[in-house]
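> I have a structure I would like to understand better, so I am pasting it below and will then ask my questions one at a time.
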Amino acid sequence: MGKLLTMDYAIEIKNLKKIFFERKGFTEILRCPFKRKEGKLVLYNVNLGIEKGSIFCLLGPNGAGKTTLIKIICTLILPTEGKVFVNGVDVEKEEWRAKGFIGLVTGEERSFFWRLSGRENLLFFASLYNIHGKKASKKVSEVLEIVRIDDPKKRYQEYSGGMKQRLGIARALLGNPEILLMDEPTKSLDPIAAEELRKFLKEKLCRELKTTIFFTTHQLNEAEKLASKIAIINKGEIKVSGTLDELMSGVKQDNVDLDKMYAYYVNS
Amino acid sequence: MPIMSIRKILSFIRKDAIINMSYRTIFLMSFVRIISSTLIFFFMAKLFRKPEYFPFVLIGIAFTSYLYTSLGTFSSRFRDEQAAGTLEAMLVAPTKTKDIFIGIGAWDYLFTTFRVFIYILLGVLFFGVNLNNANILAAILILCLSIICFSCMGISAAGLVLIFKRMNPVTWIIGGFTGLVGGVYFPVEILPIWIRGISYILPLTYSLKGLRGALLYGNSIRELMPEILLLCIFIIVLFPLSTLIFKKAMKKTKIDGSLVHY
């Protein structure tokens with residue numbers, strides 16, 4: 001098979017590097033007013049290609065750089081070096097176009113208006129996705145049905161953790177995104193709700209709606225159950241990338257299981 | 001403005017109206033404040049036997065609320081959205097930052113307009129303020145210019161809040177000075193000459209002078225031309241400056257990853 005071109009990838013990341021420069025404290029400013037504080041390297045030499053219609057998992061421990069990478073893809077953070085393309089569109093140069101392809105789901109519960117109902121929240125966000133009036137109402141009903149929220153008139157503050165997470169997915173689906181970015185999507189869900197969500201992502205979104213899903217997690221079983229390809233990241237560096245079988249066969253140990261494989265690459 | 005942007009801004013207004021009206025007590029208390037401040041200045045005018053003072057100060061306090069709204073709304077609402085986590089969700093949507101910005105402030109401007117209307121209505125109906133000679137067209141023109149001018153200051157304030165998070169230096173400096181030297185409570189002419197210099201560099205001074213001229217004395221647009229021109233000059237200087245400050249602040253926060261930090 002020939003090499004895939006930029007346009008064949010839903011997401012393509014080339015030589016990405018991100019350094020965060022911490023703010024100087026008052027005493028540091030007085031001591032060395034012109035010296036820049038040393039930066040913290042959070043992503044280094046990241047190269048990834050996520051094929052259209054696939055489920056890709058970015059696996060790594062806390063603080064590995066997963067969330068930063070997602071935020072760079074969805075234009076909330078600018079990279080220090082390197083490029084990110086979404087459906088062939090440079091997210092830094094054509095932010096506006098790139099946003100049109102993306103839906104973002106965060107593990108955060110605090111991204112809705114607590115005094116509004118679930119439906120009112122979605123109607124508001126629908127307008128930001130250029131859907132208004134009757135079309136918005138229809139679209140909101142459609143996504144509420146997809147994520148199976150049957151009590152959308154309740155205020156958001158009255159929703160359970162699982163319902164909030166589903167509403168987050170419903171919002172991300174409003175703009176019919178070709179790519180769904182999910183940052184630890186099952187973080188606040190109980191095991192049954194998490195399993196339901198995984199099934200929904202795989203069967204409904206990926207298989208039926210052909211959505212490309214890029215998700216982060218630090219749960220091995222989640223990556224195993226859901227992803228067609230996995231990348232393991234630690235300290236800002238992609239340690240390995242491939243199918244689960246490829247990852248397992250790359251471990252030079254006997255009786256390899258998921259935990260051993262993960263530890264092997266994280267510590268490599 | 002494209003129709004899509006207008007519809008988005010209307011969505012912001014609808015959303016904020018639902019949220020604000022859900023806090024019924026606070027909503028009602030804002031009207032109580034209007035009545036109490038109107039009464040305070042009415043009785044002060046009576047106490048000093050200066051009936052002409054009440055219409056003067058009524059216009060001052062009513063229309064200065066646009067300045068405070070402009071300075072406060074963008075910065076505090078941006079911070080609120082940051083803290084609530086909703087800013088991230090908005091910024092990921094394919095909506096221009098400009099539309100989000102206007103949308104975030106739209107409800108506050110609308111509510112301020114309603115409050116100003118109540119102030120004026122109370123003054124005319126119950127406290128003998130005479131607006132029979134008012135030149136409404138001139139007043140609307142000066143008000144529009146003033147709102148644009150004040151919004152520019154608000155945009156700069158929001159940019160600084162994005163960087164400094166808690167501090168809002170523009171609001172502190174301008175908000176603090178206007179009460180004293182902007183001609184809100186007394187004419188700037190009674191100030192010592194060295195303080196008067198500050199009032200001449202504040203757009204509020206010309207805004208209030210123009211509004212009083214139009215509403216209380218029925219001055220024509222030609223008579224109000226000096227104030228109109230000065231407000232235009234402020235806009236010409238402040239608009240590109242505030243846009244630049246905000247753009248730079250956005251870029252900086254995107255580089256250091258603090259756009260959604262609070």
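The values are calculated or read from the model by the stated rules, or taken from the named source; none is laboratory data. Model, not experiment: these values are computed from the prediction. Here the Cβ positions follow ideal geometry from the backbone for every residue, glycine too, while neighbour counts run over all protein chains shown.
> Looking at this structure, is B:LEU143 buried (at least 18 other Cβ atoms within 10 Å of the Cβ), aliphatic (A, V, I, L, M) and either away from every other protein chain (no Cβ under 14 Å) or not in a helix (DSSP H, G or I) (or both)? Even if it seems obvious, please write down each step before you answer.
Details: buried (at least 18 other Cβ atoms within 10 Å of the Cβ): yes; aliphatic (A, V, I, L, M): yes; either away from every other protein chain (no Cβ under 14 Å) or not in a helix (DSSP H, G or I) (or both): yes.
So B:LEU143 passes the test.
> Can you pull out the helices (runs of 4 or more DSSP H) entirely within segment B:1-117 that have at least 2 residues that are of a type in the set (S, T, N, Q)? Before you say what the answer is, go through the steps one by one.
Details: elements: B:3-22, B:24-47, B:53-84, B:86-92.
Answer list for segment B:1-117: B:3-22, B:24-47, B:53-84.
> For segment A:81-102, how many residues are of a type outside the set (Phe, Trp, Tyr), more than 8 Å from every other protein chain (Cβ to nearest Cβ) and either touching a residue at least 60 places away in the same chain (Cβ under 8 Å) or assigned to a strand (DSSP E or B) (or both)?
9
> Please go through segment B:227-262 and give me each residue that is touching a residue at least 12 places away in the same chain (Cβ under 8 Å), surrounded by fewer than 15 Cβ atoms within 10 Å (Cβ to Cβ) and not charged (D, E, K, R), ordered by number.
Matches in segment B:227-262: B:CYS232, B:LEU241, B:HIS261.
> Among the residues of segment A:224-250, how many are touching a Lys or Arg at 6+ places or on another chain (Cβ under 7 Å) and either free of Cβ contacts under 8 Å to residues at least 60 places away in the same chain or among the aromatic types (Phe, Trp, Tyr) (or both)?
Qualifying residue count for the region: 3.
> Another question, if that's okay. Would you check which residues across segment A:108-127 are at the interface with chain B (Cβ under 7 Å from one of its Cβ atoms), assigned to a helix (DSSP H, G or I) and charged (D, E, K, R) and list them?
A:GLU120, the sole residue that qualifies.
> Within segment A:191-227, can you find the residues that are among the β-branched types (Val, Ile, Thr), modelled with pLDDT of 85 or more and not in a loop (DSSP other than H, G, I, E, B)? So that I can check it myself, show each step before the final result.
Taking segment A:191-227 and keeping what is among the β-branched types (Val, Ile, Thr), we get A:192, A:211-213, A:216-217.
The next check asks that each one be modelled with pLDDT of 85 or more; those that pass are A:211-213, A:216-217.
Passing the criteria: A:THR212, A:ILE213, A:THR216, A:THR217.
> Write out, first by first residue and then by second, each pair whose Cβ atoms fall under 6 Å of each other, whose residues are 6+ apart or on separate chains, and whose first residue, in segment B:85-100, is within 8 Å of chain A (Cβ to nearest Cβ) and under 11 Å from A:GLU95 (Cα atoms) while the second is surrounded by 20 or more Cβ atoms within 10 Å (Cβ to Cβ) and among the hydrophobic types (A, V, I, L, M, F, W, C).
Here the result reads B:VAL92/A:CYS74; B:VAL92/A:LEU104; B:ALA93/A:LEU128; B:THR95/A:LEU128, each pair linking segment B:85-100 to a residue that is surrounded by 20 or more Cβ atoms within 10 Å (Cβ to Cβ) and among the hydrophobic types (A, V, I, L, M, F, W, C).
> Further, regarding this structure: Confirm whether A:VAL46 is over 15 Å from the mean Cα position of the chain (by Cα), surrounded by 22 or more Cβ atoms within 10 Å (Cβ to Cβ), more than 8 Å from chain B (Cβ to nearest Cβ) and not in a helix (DSSP H, G or I).
On the way: over 15 Å from the mean Cα position of the chain (by Cα): yes; surrounded by 22 or more Cβ atoms within 10 Å (Cβ to Cβ): yes; more than 8 Å from chain B (Cβ to nearest Cβ): yes; not in a helix (DSSP H, G or I): yes.
Criteria met by A:VAL46.
> Of everything in segment B:147-178 that's free of Cβ contacts under 8 Å to residues at least 24 places away in the same chain and outside any loop (DSSP other than H, G, I, E, B), which residue is surrounded by the fewest Cβ atoms within 10 Å (Cβ to Cβ)?
B:GLY176
> Among the residues of segment B:45-84 satisfying the criterion of being over 19 Å from B:ASN130 (Cβ atoms) and hydrophobic (A, V, I, L, M, F, W, C), which is farthest from the other protein chains (Cβ to nearest Cβ)?
Looking at residues that are over 19 Å from B:ASN130 (Cβ atoms) and hydrophobic (A, V, I, L, M, F, W, C), I get B:PHE48.
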